[in-house]
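One structure coming up, written as structure tokens, with questions to follow.
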Amino acid sequence: MIKQILNRIPTRKAHKSTSNRDGGNRNSSSNASASSKSNSGVGLSRSKSSNPASGHGQSSKGNNDVGLNRSNSLNPTSGHGQTHHPASNTGTDKLDNALNTKANGDKIISTTNEALPNLKDVPNSERQNLFIRKLNMCCAVFDFTDPKKNLKEKEIKRQILVELVEYVPTENEKFSETVMQEVVKMVSANIFRRLTPQPRDNKMLETFDGEEEERSMDPAWHHLGVVYELFLRFVHSPETDAKVAKRYIDHGFILRLLELFDSEDSREREYLKFIFHRTYGKFMVHRPFIRKAINNILFQFIFETEKHNGIAELLEILGSIINGFALPLKEEHKLFLVRALIPLHKPKCMPGYHGQISYCITQFVEKDCKLADIVVRGLLKYWPLTNSSKEVIFLSELEEVLEATQPSEFQRCMMPLFRQISRCLNSSHFQVAERALFLWNNDHIENLIKQNRKSILPIIFPALERNTSHWNQVVRSLTLNVRKIFSDADPELFEECLVKFQEYESKKEETKSKREVIWKRLEEIAEVRSGSGAIIQPPMLLPNKVTTG
């Protein structure tokens, strides 16, 4: 009898400890078996105890999360009193461990203690909660410098990201504030990192060509690209309430996004450009701050570094912003033109973004024709002196500006403008001379010149006459066409300029011949003195400084 009682005591203790571990659940053995079945289907559970079947009232055995099923089952019963062997770890265990590590200084705590179903397989009322849990999983950041490291974990994360990207545009309810916070947290953990741009010397800057530049590929783009696509769709989604989202997409977040424009990877800069387009359009409260922040980047580029990879993309954003300016233009916008856009013609790498800067400048002139004089004089201020390819770019931009210029504004700047064009006409580089002569192919510019020919022709006539003997045949042919335009428009003025030019050339020849005669007489005097034995006074030399010991 006593022996039977003693045999029962260990059994009661073991049963009590088992029930405590399972949270007082009497059917612990059945729960353990259910957990084992569910976890063998999807490799996203942890090694501690969980009850997947209690999540939505159904087993997760039938969940078909895209690309996440594994052939080898995990060890799901390690939390039910069984030993968890290290040899049974799979890529999911490593992903879970990575989720508990620090990323960007914040400890990320995963709530994925169970196999997560696919978003499309759960009721609409539970999708956002599941969306949040999967966002937390994607906060794990991996090292992509070693392509052979954590291959399974990286693939699991990428497939989850793809699922999230597909889910965002299908959501029909407003995103909760928690969802917005978690999206921003996940995006921050993945994209905000230290950029290490490649150094460029002055020669590279001077000959910079964005099309011929070797593209630098970020090894992490396999994940970064999907994260950017997710955030772009999130910002663009009508279910994202700007009034709530502005608390998380705040000034600090915008500044860190702008810093990423210096990325070497052009694909990342393209995504950032689209994101800022959407952000500027959706968050009206942030518009003045975005403009000011971009201005500061441009100021630092112009006056300090002259090195930045994303100037072209930033100018594309500004181009659409300028296009939406209301009339009349604010003084703030005019100051931006004078202090930032026009000085952007100064850096040596300006050919890398000439199309974007030209568009921005032209937009200003089209909105306010009175700005044409300011723009033309600004271009003349930064006109290149020794860079022929840059001169061609300036002439192309000048044509676009003049095409939007009214006659009254043209008269204010035509005198200094055509002095510079006259110098370009006589350039020994045939492309510069050819591009300057192409201005007469524009009907609007030709009409402006004809209306003011009495002031313009005397300035450029000497250059046209000298170009008749230019070494390049195309330049000579274009010059004859321009001369014909003036002679047909005003023959008397043309003849008057021709006479003045001939008089000037004759006086120039007389001056040259007089100078040659003077030099010849000086040479003869020197020969006579040296032949007659005249003593030539040597130059006086200063005595060496005497130093006493």
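The values are calculated or read from the model by the stated rules, or taken from the named source; none is laboratory data. Since the model is a prediction, treat every value here as computed from it, not as a measurement. As a convention, Cβ positions derive from the backbone with ideal geometry for all residues, glycine included, and neighbour counts pool all protein chains shown. Heads up: the accessible areas ignore ligands, DNA and RNA and are worked out on the full protein's heavy atoms, side chains in. Shrake-Rupley method; radii C 1.70, N 1.55, O 1.52, S 1.80 Å.
Can you find even one residue in the range 372-379 that is closer than 26 Å to R339 by Cβ and open to solvent by 30 Å² or more (accessible area, probe 1.4 Å)?
Yes, some residue in the range 372-379 is closer than 26 Å to R339 by Cβ and open to solvent by 30 Å² or more (accessible area, probe 1.4 Å).
A follow-up question, please. Please enumerate the residues belonging to the range 263-284 that are open to solvent by 40 Å² or more (accessible area, probe 1.4 Å), over 11 Å from the mean Cα position of the chain (by Cα) and either more than 16 Å from L230 (Cα to Cα) or of a type in the set (S, T, Y) (or both).
Listed by number, the residues that qualify are G281, K282, M284.
Looking only at the range 362-397, which residues are part of a loop (DSSP other than H, G, I, E, B) and either touching an Asp or Glu at 6+ places or on another chain (Cβ under 7 Å) or on the phi > 0 side of the Ramachandran plot (or both)?
Across the range 362-397, the qualifying residue is only P384.
Could you tell me whether the range 298-311 includes any residue that is open to solvent by 40 Å² or more (accessible area, probe 1.4 Å), under 22 Å from G225 (Cα atoms) and at pLDDT 95 or above?
No.
Now a separate question. Does any residue of the range 255-262 turn out to be open to solvent by less than 50 Å² (accessible area, probe 1.4 Å) and assigned to a loop (DSSP other than H, G, I, E, B)?
Taking every residue of the range 255-262 in turn, none turns out to be open to solvent by less than 50 Å² (accessible area, probe 1.4 Å) and assigned to a loop (DSSP other than H, G, I, E, B).
Which members of the range 221-254 meet the condition of being among the β-branched types (V, I, T), within 24 Å of R194 (Cα to Cα), open to solvent by less than 10 Å² (accessible area, probe 1.4 Å) and in contact (Cβ under 8 Å) with a residue 60 or more places away in the chain?
Once the filter is applied, which keeps residues that are among the β-branched types (V, I, T), within 24 Å of R194 (Cα to Cα), open to solvent by less than 10 Å² (accessible area, probe 1.4 Å) and in contact (Cβ under 8 Å) with a residue 60 or more places away in the chain, the range 221-254 yields V227, I249.
Out of the residues in the range 457-484 that are farther than 13 Å from C424 by Cβ and of a type in the set (K, R), state the one that is most open to solvent (accessible area, probe 1.4 Å).
K484
So, Q451, is that one without any contact (Cβ under 8 Å) to a residue 40 or more places away in the chain, of a type outside the set (D, E) and open to solvent by 70 Å² or more (accessible area, probe 1.4 Å) or not?
It is false that Q451 is without any contact (Cβ under 8 Å) to a residue 40 or more places away in the chain, of a type outside the set (D, E) and open to solvent by 70 Å² or more (accessible area, probe 1.4 Å).
Residue by residue, here is whether (1) crowded, with 20+ Cβ neighbours inside 10 Å; (2) more than 22 Å from the chain's Cα centre (by Cα) holds:
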position	(1), (2)
I322	yes, no
K346	no, no
Y353	yes, no
I357	yes, no
C360	yes, no
E366	no, yes
F418	yes, yes
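For a quick check of your reading: which helices (runs of 4 or more DSSP H) sit entirely within the range 418-530 and have at least 1 residues that are touching a Pro at 6+ places or on another chain (Cβ under 8 Å)?
Correct list: 443-451.
Among (1) surrounded by fewer than 20 Cβ atoms within 10 Å (Cβ to Cβ); (2) over 19 Å from V401 (Cβ atoms); (3) within 15 Å of the chain's Cα centre (by Cα), where does P328 come up short?
Going through the list (1) surrounded by fewer than 20 Cβ atoms within 10 Å (Cβ to Cβ); (2) over 19 Å from V401 (Cβ atoms); (3) within 15 Å of the chain's Cα centre (by Cα), P328 breaks only (3).
Here's a follow-up. Can you run down the residue pairs with Cβ atoms below 8 Å, 6 or more apart or on separate chains, where the first is in the range 137-151 and without any contact (Cβ under 8 Å) to a residue 12 or more places away in the chain and under 18 Å from V227 (Cα atoms) and the partner is among the charged types (D, E, K, R) and assigned to a loop (DSSP other than H, G, I, E, B)?
Within 8 Å, the pairs are D143/K149.
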